[in-house]
Amino acid sequence: MSEQLLSDVTVFVLAVLVGFEVIGKVPSTLHTPLMSGTNAIHGVVLVGAVLIASTADDALSYVLAFVAVAFAAMNVTGGYVVTDRMLGMFRRRRDPVPVKEQRP
Amino acid sequence: MSDFDAGVRLVYLAAAVCFVVGLHLMGSPTSARRGNLLSAAGMAAAVLATFAVVAHEGTITNTGTIVLVLALLVGGAAGLVTARRVQMTAMPQLVSLFNAVGGGAAALVALDDFLRLSDGPGVPTRTGVATALDVGIGALTFAGSLVATGKLQGVVTGRPVVFPGARALNAALLLVAVAAGVVVVADDNVPLLLLLLAVGLVLGVTLVLPIGGADMPVVISLLNACTGTVVAMAGFVLENPVLIIAGALVGASGAILTVLMAQAMNRPIRNIVLGGFGGGGSVEVVAS
């Protein structure tokens with residue numbers, strides 16, 4: 001086992017543990033936005049797709065790189081925008097409505 | 001390690017911190033929007049740092065640059081326009097669509113890397129293992145998420161599609177996938193990697209079709225966690241820390257979220273995944 005692999009596995013395991021702990025008690029109204037938010041985060045695969053494109057040098061690898069970058073870019077931009085829209089809707093609905101106090 | 005490389009690694013670390021803190025903030029209604037923006041800022045930093053790496057290394061060809069810019073414009077515009085235009089009630093299927101393309105992208109990244117390595121210096125075992133997992137599960141999430149999108153959109157029937165022998169077929173496909181994966185790792189075998197890709201795509205369809213439309217949000221969350229894991233595998237293939245961290249983070253938090261969602265719907269996860277139980281396409285439940 002190389003040193004690189006060992007440190008990669010270490011990082012992976014610790015990140016999994018962080019992932020298990022980072023969201024604790026979540027109100028069920030936040031489930032869908034949270035799913036959408038994590039969905040946007042895995043759009044980080046765009047980094048990998050861009051790196052693949054930087055070493056492409058024949059027709060097949062250009063096609064693969066094009067599709068991979070386009071897919072990942074769609075995942076990133078769409079993911080964050082749609083999450084923001086969901087949360088915007090959520091906040092507006094939760095804005096405190098001014099209630100007239102009726103006291104006898 | 002040069003100063004430049006160290007700088008890039010530090011930016012990746014900062015991005016990872018933004019993802020973790022952002023995700024944490026998203027767990028509470030008052031800070032959720034800020035959390036998403038923080039996570040987006042981390043993403044922007046990671047992608048910009050990667051552009052700097054590409055420019056610094058200078059290995060990209062002119063055609064490659066055109067391909068990269070065009071793909072960024074096409075994909076970015078597609079994501080932006082669909083996310084802006086979509087009806088509020090249609091959001092879950094859009095998330096599922098974004099999940100599908102994310103999984104597809106991760107599978108293609110590993111496939112491309114494998115083709116290059118098997119053509120030249122040969123594939124090290126560690127890369128082979130990560131590639132087989134990435135391509136197999138990536139293809140599964142891609143096809144599965146597309147079926148989930150179709151079910152919510154009404155393109156595919158929302159009712160559970162059950163046919164005789166489905167379980168046996170899935171088990172057989174899984175065996176084929178595992179066998180192909182083992183040979184891919186042992187032998188740098190490109191045709192079998194393509195077979196693994198194909199079997200993954202079929203499994204994605206046959207596993208999601210028997211699940212009822214009402215259970216789709218939980219399934220999408222599960223597939224989302226799968227995509228996270230796949231992205232982490234792509235990180236192992238490319239030896240890229242930010243992919244490993246973000247992928248593992250999404251894989252684990254997505255798994256927890258899947259459990260929470262199933263609990264909120266009072267449905268045991270096992271019943272959902274095995275399928276055939278869920279009710280018809282009551283998509284309205286989803287919008288909550």
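Figures for the structure shown
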item	result
Yes/no for B:Val161 being aliphatic (A, V, I, L, M), within 28 Å of A:Ala72 (Cα to Cα) and in contact (Cβ under 8 Å) with a residue 40 or more places away in the chain	no
Residue satisfying condition, being surrounded by 19 or more Cβ atoms within 10 Å (Cβ to Cβ) and at pLDDT 95 or above, within set B:Ala198, B:Ala180, B:Ala143	B:Ala143
Any pair with Cβ under 7 angstrom, 6 or more apart, that starts in the range B:252-273 at a residue that is within 10 Å of chain A (Cβ to nearest Cβ) and without any contact (Cβ under 8 Å) to a residue 12 or more places away in the chain and ends at one that is among the aliphatic types (A, V, I, L, M) and crowded, with 16+ Cβ neighbours inside 10 Å	B:Ile256/A:Ile23; B:Leu260/A:Val26
The lone exception for A:Gly24 - which of (1) small (Gly, Ala, Ser); (2) surrounded by 24 or more Cβ atoms within 10 Å (Cβ to Cβ); (3) within 28 Å of B:Pro217 (Cβ to Cβ) it fails	(2)
Any hit, the range B:100-115, residues being in the same structural domain as B:Gly181 (by TED's automatic domain parsing), open to solvent by 40 Å² or more (accessible area, probe 1.4 Å) and modelled with pLDDT under 95	yes
Subset tally (residues that are open to solvent by 60 Å² or more (accessible area, probe 1.4 Å), in a helix (DSSP H, G or I) and not aliphatic (A, V, I, L, M)) for the range B:146-177	2
Subset tally (residues that are in a loop (DSSP other than H, G, I, E, B) and more than 9 Å from chain A (Cβ to nearest Cβ)) for the range B:1-50	3
Matching residues in the range A:14-39 - criterion: being facing chain B (nearest Cβ under 7 Å) and aliphatic (A, V, I, L, M)	A:Ala15, A:Val16, A:Val18, A:Val22, A:Ile23, A:Val26, A:Leu30, A:Leu34, A:Met35
Set A:Ala65, A:Ala70, A:Ala49, A:Ala53: member being among the aliphatic types (A, V, I, L, M), buried (at least 24 other Cβ atoms within 10 Å of the Cβ) and either more than 7 Å from every other protein chain (Cβ to nearest Cβ) or within 26 Å of B:Met88 (Cα to Cα) (or both)	A:Ala70
Residue within the range B:23-31 that is under 23 Å from the mean Cα position of the chain (by Cα), farther than 22 Å from B:Thr141 by Cα and open to solvent by 20 Å² or more (accessible area, probe 1.4 Å) present	yes
The one condition in (1) more than 19 Å from B:Ile244 (Cα to Cα); (2) in contact (Cβ under 8 Å) with a residue 12 or more places away in the chain; (3) over 23 Å from the mean Cα position of the chain (by Cα) that B:Gly58 fails to fulfil	(2)
Single residue of B:Met216, B:Met233 found to be crowded, with 24+ Cβ neighbours inside 10 Å, over 14 Å from B:Val273 (Cβ atoms) and among the aliphatic types (A, V, I, L, M)	B:Met233
Residues of the range B:61-93 satisfying the condition of being in contact (Cβ under 8 Å) with a residue 40 or more places away in the chain and facing chain A (nearest Cβ under 7 Å)	B:Met88, B:Met91, B:Pro92
Out of B:Gly58, B:Gly120, B:Gly136, sole residue that is at positive phi and open to solvent by 10 Å² or more (accessible area, probe 1.4 Å)	B:Gly58
Set A:Val76, A:Val44, A:Val13: member being in a helix (DSSP H, G or I), open to solvent by 40 Å² or more (accessible area, probe 1.4 Å) and modelled with pLDDT of 95 or more	A:Val13
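The values are calculated or read from the model by the stated rules, or taken from the named source; none is laboratory data. Please read all numbers here as calculations on a predicted model, not as lab measurements. All Cβ positions, glycine included, derive from the backbone under ideal geometry; neighbour counts span all protein chains shown. Side chains included, ligands, DNA and RNA excluded: accessible areas come from the protein's heavy atoms. Shrake-Rupley method; radii C 1.70, N 1.55, O 1.52, S 1.80 Å.
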